[in-house]
1. When N is the residue count of the range 2-101, what does its C-alpha Rg come to as a fraction of 2.2 N^0.38 Å?
2. Over the C-alpha atoms of the range 215-257, what are the Rg and the largest Cα-to-Cα span, Dmax, in Å?
3. How many nm is it between the label spots at residue 23 and residue 201, if each spot is 7 Å from the Cα in line with the beta carbon?
4. Normalising by the residue count of the range 38-163, find the relative contact order in percent from Cα pairs under 8 Å and 6+ residues apart.
5. Extending each Cα 7 Å along its Cβ direction at residue 172 and residue 157, get the distance between those two points in nm, one decimal.
6. In what sequence, highest mean first, do 200-207, 262-269, 13-20 appear when ranked by Cβ atoms within 10 angstrom?
7. I need the P(r) histogram for the range 78-146: all alpha carbon pairs, bin width 5 Å from 0 out to the longest distance, whole percents.
8. Which distance in nm do the two modelled labels at residue 244 and residue 40 give, with both placed 7 Å along the Cα-to-Cβ direction?
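Each reported figure results from applying straightforward, stated rules to the coordinates on display, with no laboratory input. As the structure is a prediction and not an experimental result, all values here were calculated from the model. Note that each Cβ is placed from the backbone with ideal geometry, even for glycine, and that neighbours are counted across all protein chains shown.
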């Protein structure tokens, strides 16, 4: 019963955090603190009922483990502090999934969930960037300009790669003594080429979104608490005290940076884990 309530709390709180992140770019600290407190209380009750420290220990290990990983992402400037705390809150609440919801996980739930956060998060970030670009015509214009400028480079590289893939497939068929028809050789060379071109286009698109859409030069008068300065090494918005200091510094403008508001990925990854299980296993089955 407590495990099912923990799952509900994890989903509701992470969803609320995601909505706050989308609306304000900030996740209130109260949300992950509630998640951590509820997780520890429920784990303590289970330990008392079962007369063993294991449930409480599992909660602490899962929560602190995910917190440590989250703050590594924060330290390297990839996540905000709120993202790290929400990830930790899920760990404290759900060191394991309720048996009725477990879709045959091959790894401990915290590890499966962590991988799924990145798997689901990758798709979410792509969709977010595309939606963001359609709302900002400058990004579309710049992306087209970048593609036009690099079209000759892309054509030459594609031709060279196609020849390389043809040679590799032909060589592999010879050493493995496998019969390879012309159509199969063409298919096995075109597929990796298309995958490479797609990755290049996504990389180019992401760079344009970052440089055109996620960096803004604004007057000091429009700077607000929570904005992240471009030269900030960690993803942390300025405080009220820092804002007053900047306004009194004599500067007329500053450059701030935005990013994908990643909070919504946590409840989405939780749903994915409940219904599909290990994303790593699914990905390997798809690729092999």
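1. 1.08
2. 9.4, 25
3. Label-label distance for residue 23 and residue 201, simple model: 3.7 nm.
4. 18 percent
5. According to this spin-label approximation, the distance is 2.2 nm.
6. Values: 200-207: 14.1, 262-269: 23.6, 13-20: 20.6.
Sorting 200-207, 262-269, 13-20 by mean packing, highest first, produces 262-269, 13-20, 200-207.
7. Histogramming the range 78-146 at 5 Å steps yields 3, 13, 16, 18, 13, 12, 9, 6, 6, 3, 0 percent.
8. In this crude label model, residue 244 to residue 40 measures out at 3.2 nm.
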